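Following: one structure in structure tokens, then a few remarks.
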Amino acid sequence: MILRLIKTACLALLIALSTAAHAHRFHTGITDISYNERTRSTEIVHIYMAHDIEALLMNLYQRQFDLSDPEDQQVLRKYIDQQFGIKGPDNKPLPLRWVGMTVDAQSVTIYQEAEQTPLSQAATIRHGVLVDFLPDQVNTVNLTESGVTRSLTFLRAALEQPARQQSK
């Protein structure tokens, strides 16, 4: 009888732990944007959860992707270029150069830069990566300029925001 109770308790504990682990999923992306005085370029680093990127690509193209393959990287690059951008004061997109990406089991890190462009030229940021696929996706952009960092939060309802703080 006691052995049966222990087995039942262990089974209930395992079920509770697996349910809690599954329910804890969250969808977030972090983008750091900063000016590199040495190269005189604005550098952009995006970090996303690997399983979210893989699920997105599977949903869009109904096939598995190998992000170490340059052709599959090109597919992701096209998607990122459509979903993320920075506009200058003239409301025209700043050209962003794709520097590369790294992938591991946990994350996909993407590197871009606006060559020979100071961060002060950024007027508006549009960040819709994954929000078209995951309704609860939250993208945080950390803007670092002159040693000061401030953050912007992008949700499905707010895909575009001013890069500069509004004067009071």
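FYI, it's all coordinate maths here, none of it is from the lab. These numbers come from a predicted model, not from an experiment. Because the Cβ atoms are built from the backbone with ideal geometry, glycine has one as well, and the counts that use them run over all protein chains shown.
Using +1 on the beta carbon of Lys and Arg, -1 on that of Asp and Glu, and nothing else charged, what's the dipole of region 27-162 about the Cα centre, debye to 20? Could you put the intermediate results ahead of the total?
Numbers: 11 positive and 18 negative charges, 87 e Å.
In debye, rounded to 20, region 27-162 gives about 420.
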At R0 = 25 Å, how high is the FRET efficiency between residue 30 and residue 64 if r is their beta carbon distance? Nearest 0.05 is fine.
0.45
Write down the percent of antiparallel bridges among all DSSP beta bridges whose residues are both part of region 27-162, to the nearest 5.
85 percent
What does the charge add up to near residue 40, with Lys and Arg as +1, Asp and Glu as -1, over the other residues with Cβ less than 13 Å from its Cβ?
-3
How far apart, in nm, are the 7 Å Cα→Cβ label points at residue 98 and residue 47?
2.2 nm
